[in-house]
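Input: a single structure, listed below in structure tokens.
Readers should treat all values here as calculations from the given coordinates under stated rules, not as data from a laboratory. Fair warning: this is a prediction, and the values are worked out from it, not measured in the lab. Cβ: placed from backbone, ideal geometry, glycine included. Neighbour counts: every protein chain shown.
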Amino acid sequence: MLYSLYYQATILRNKTWFFVAIMRSFENLLFDRAVDKEQGIFEFFIAPELEKYFLEIMSYFEATGVVTQLKKMPNRVQAGEKL
């Protein structure tokens, strides 16, 4: 079984709605979920072949200050953690 790549990032709270709407407009690019709403931490599951496109979009959001602390991490589902 292949697993998605896993990233986490902090999203500027007053731009969360905008960010989520834009990311979901890219059909089948990713699955996103808020891990910590208070701190604005989101997780992203990305198909390996789409990582390049994901990183290009995230680079734009980092440059505009909407996204900070983007980091690639081990896939927590693969590691056995529950959603």
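Remark: F18, F42, F54 ranked as F18, F54, F42, counting other beta-carbon atoms within 10 Å and listing the fewest first.
The magnitude of the dipole of region 5-73, with charges of +1 and -1 set on the Cβ of Lys/Arg and Asp/Glu and taken from the Cα centre, is near 160 debye.
So what is log10(I(q)/I(0)) for region 1-41 at q = 0.26, 0.32, 0.34 1/Å, when the Debye sum runs over its Cα atoms only? Once normalised to I(0) and log-transformed, intensities are -1.00, -1.22, -1.26.
Non-local lysine pairs in the chain, meaning eight or more places apart or on different chains, with alpha-carbon distances under 19 Å, amount to 6. Comparing the chain with the 2.2 N^0.38 Å rule of thumb, its C-alpha radius of gyration ratio is 1.04 (two decimals).
For A47 and V20, a Förster radius of 22 Å and the Cβ-Cβ distance give a FRET efficiency of 0.75, rounded to the nearest 0.05.
In the elastic network of the chain, a GNM with C-alpha springs shorter than 10 Å, the most mobile of E56, E43, E27 is E27.
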